[in-house]
Amino acid sequence: AEKQVDLIKKFGKDYSGLDLSGVAFKGFRSHKFDTNLKGANFAKSNLTQAQFGSANLQGANFQGAILHKASFIVAHLKDADFRGAHLQGATFHQCKFHNAKLTKLDFSKSDISGSWFDGADLRQAKLSGAKNMWVLSFRGANLAHAQLQGLDLEIANFRGADLTNANIAKAQARL
């Protein structure tokens, strides 16, 4: 049975505008221990170097948040809203961004290794320059006008994705 620390039950959902830099909101996946932050509001919060390992952040709001060098390891980010967030140096390892709002985000200095972006809205997002060492999935994602140049997308899944006017120059891909 999975255990969970329920921060929503303990502290509520509103963390907006707070300085939470360096806070560890992480569970321990190896011990089947997750952190519940489902629907949390981190809008305009400073989350510099915050850690969200093994966290359920489904539907969380990160609009305008500062996420410099924040770490999301095996985080569940379905339906999360990151529009206007600052991601410089953020790490997203094996994260699930299913149906997330990622419009115009700059992932260029981030690590998105092994993450899933199925159904995500990545219109005008900048992924060129992002570290992506593992398989990525963009099934059904909207990548219209996205910047993908130079990425290694050789085994990425783009089934049903909208790549209208996406820049894939110098990308290694099988589309």
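Cβ neighbours within 10 Å, averaged per peptide: list 59-66, 149-156 in order, most packed at the top.
Details: 59-66: 22.2, 149-156: 16.2.
Per-residue mean Cβ counts within 10 Å order the peptides as 59-66, 149-156.
Please give the contour-minus-distance gain from Met133 to Ala169: 0.36 nm per residue of separation, less the Cα-Cα distance, rounded to one decimal in nm.
Between Met133 and Ala169, full extension yields 11.1 nm more.
Any idea what log10 I(q)/I(0) is at q = 0.09, 0.10, 0.20 Å⁻¹ for the chain, Debye with uniform C-alpha scatterers and no solvent?
At q = 0.09, 0.10, 0.20 Å⁻¹ the computed log10 ratios are -0.28, -0.35, -1.30.
Checking the a/c ratio against 1.5 first, then a/b against b/c, what shape does the Cα gyration tensor give for region 87-157?
Judged from the Cα gyration tensor, region 87-157 comes out rounded (a/c under 1.5).
Based on the Cα gyration tensor of region 34-83, what are the three equivalent ellipsoid semi-axes, each the root of five times an eigenvalue, rounded to whole Å and given largest first?
Its equivalent ellipsoid spans semi-axes of 15, 13, 8 Å.
With a probe of 1.4 Å, find how much accessible area the chain has per residue, and write the answer as a whole number in Å².
Numbers: 8640 Å² over 175 residues.
Per residue, the chain has an accessible area of 49 Å².
Sum -39500 (n - 2.57) across every DSSP H segment of at least 4 residues in the chain, then divide by the residue count to get the 222 nm mean residue ellipticity, nearest 500.
Calculated at 222 nm, the ellipticity per residue is -500 deg cm²/dmol.
Roughly how many percent of the accessible protein surface of the chain is carbon and sulfur, given a 1.4 Å probe and a whole-percent answer?
Carbon plus sulfur share of accessible area: 48 percent.
Which lysines does Lys126 reach when only Cα atoms under 24 Å apart count, and residues fewer than 8 places away in its own chain are ignored?
Those lysines meeting the cut-off are Lys44, Lys69, Lys78, Lys96, Lys101, Lys104, Lys109, Lys170.
The values are calculated or read from the model by the stated rules, or taken from the named source; none is laboratory data. Everything numeric in this text was worked out from a predicted model, so none of it was measured. Every residue, glycine among them, receives a Cβ derived from its backbone with ideal geometry; neighbour counts consider all protein chains shown. Heavy atoms of the whole protein, side chains included, go into the accessibility calculation; ligands, DNA and RNA do not. Shrake-Rupley method; radii C 1.70, N 1.55, O 1.52, S 1.80 Å.
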